[in-house]
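*Asks:* Structure in structure tokens, see below.
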Ligand SMILES: C[S@@+](CC[C@H](N)C(=O)[O-])C[C@H]1O[C@@H](n2cnc3c(N)ncnc32)[C@H](O)[C@@H]1O
């Protein structure tokens, strides 16, 4: 991680009020794909990690039983809570949770994990730990949208801020999911530096 968790939290809290107005076309395409692939059923509990102001958590609320939205930035979650209240959404819980300690212990078993545009703040080793934690829930599906490299990134057109962000290659992420007993069933390329990975848990026979 190029900044501490606390520094990332403070950085996002500072820009939380403007965050929703600052996003790119690629971010929106990625978020739409995460929502579409998450596809929870009415009894499903979703954990949205790095939930920010709730782009994914709030979009999934009407399809799921409830959504556990976790983030490290109180400022971002405050915006999320405000939006939930304005939209009269009552089944999304925003609470502090770091990727590797997402604070899901007392919650119902999780069926689907989502994360959008957040995991790239961690180093590759930390991302692997976070993916192990996702696999340690009961989730049958994990949908990860993020900055990720499909090929060598163009150094003149980075889609990220090298001083604070640390994106992985798609191969590194796919390997991290397969190492914890998941099959990658879809990879969506939004941009050469933005994509969505859909991973499904294999059963004991290695079947999805
Ligand atoms: C670019 S925002 C994305 C928010 C939201 N998922 C979306 O799609 O709009 C990244 C979020 O990741 C959160 N974040 C950064 N590092 C984190 C960590 N180690 N654990 C959990 N959340 C983290 C930030 O606080 C921020 O809210």
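The values are calculated or read from the model by the stated rules, or taken from the named source; none is laboratory data. Just so it is clear, the model here is predicted, and its values are computed rather than measured. Neighbour counts run over all protein chains shown; Cβ positions are idealised from the backbone, glycine included.
*Asks:* Given the criterion farther than 15 Å from residue 143 by Cβ, buried (at least 23 other Cβ atoms within 10 Å of the Cβ) and touching a strand residue (DSSP E or B) at 6+ places or on another chain (Cβ under 9 Å), identify the matching residue among 92, 113.
*Replies:* From the options 92, 113, the qualifying one is 92.
*Asks:* Here's a follow-up. Quick one: which strands (runs of 3 or more DSSP E) sit completely within region 86-185 and have at least 2 residues that are within 16 Å of the ligand (Cβ to nearest atom), within 23 Å of residue 198 (Cβ to Cβ) and at pLDDT 95 or above?
*Replies:* Output list reads 112-116, 141-149.
*Asks:* Could you please tell me which pairs satisfy a Cβ distance under 6 Å, a separation of 6+ or placement on different chains, a first residue in region 24-35 that is more than 12 Å from residue 189 (Cα to Cα), and a second residue that is modelled with pLDDT under 95?
*Replies:* Filtered contacts from region 24-35: no entries.
*Asks:* Could you check residue 1 against (1) within 9 Å of the ligand (Cβ to nearest atom); (2) closer than 23 Å to residue 162 by Cα; (3) assigned to a helix (DSSP H, G or I) and say which number it fails?
*Replies:* Of the numbered conditions (1) within 9 Å of the ligand (Cβ to nearest atom); (2) closer than 23 Å to residue 162 by Cα; (3) assigned to a helix (DSSP H, G or I), the odd one out for residue 1 is (3).
*Asks:* Looking only at region 41-55, filter to residues that are within 8 Å of the ligand (Cβ to nearest atom) and part of a loop (DSSP other than H, G, I, E, B); which one of those is nearest to residue 119 (Cα to Cα)?
*Replies:* Only one residue fits best here, namely 50.
*Asks:* Further question: Which one of these does residue 7 not meet: (1) touching a helix residue (DSSP H, G or I) at 6+ places or on another chain (Cβ under 9 Å); (2) within 11 Å of the ligand (Cβ to nearest atom); (3) farther than 19 Å from residue 159 by Cβ?
*Replies:* Result: residue 7 fails condition (1) only.
*Asks:* Evaluate the following for residue 72: is it surrounded by 20 or more Cβ atoms within 10 Å (Cβ to Cβ) and either near the ligand (Cβ under 10 Å from one of its atoms) or farther than 12 Å from residue 48 by Cβ (or both)?
*Replies:* yes
*Asks:* Taking the criterion of being without any contact (Cβ under 8 Å) to a residue 60 or more places away in the chain, out of contact with any helix residue (DSSP H, G or I) (no Cβ under 8 Å at 6 or more places or on another chain) and over 24 Å from residue 101 (Cα atoms), would at least one residue in region 132-152 satisfy it?
*Replies:* Among the residues of region 132-152, at least one is without any contact (Cβ under 8 Å) to a residue 60 or more places away in the chain, out of contact with any helix residue (DSSP H, G or I) (no Cβ under 8 Å at 6 or more places or on another chain) and over 24 Å from residue 101 (Cα atoms), which makes the answer yes.
*Asks:* So which residues in region 45-66 are in contact with a helix residue (DSSP H, G or I) (Cβ under 9 Å, 6 or more places away or on another chain) and either surrounded by fewer than 18 Cβ atoms within 10 Å (Cβ to Cβ) or farther than 23 Å from residue 101 by Cβ (or both)?
*Replies:* 58, 59, 61, 63
*Asks:* Taking region 7-40 only, how many residues are assigned to a loop (DSSP other than H, G, I, E, B) and either within 15 Å of the chain's Cα centre (by Cα) or surrounded by 20 or more Cβ atoms within 10 Å (Cβ to Cβ) (or both)?
*Replies:* The total comes to 2.
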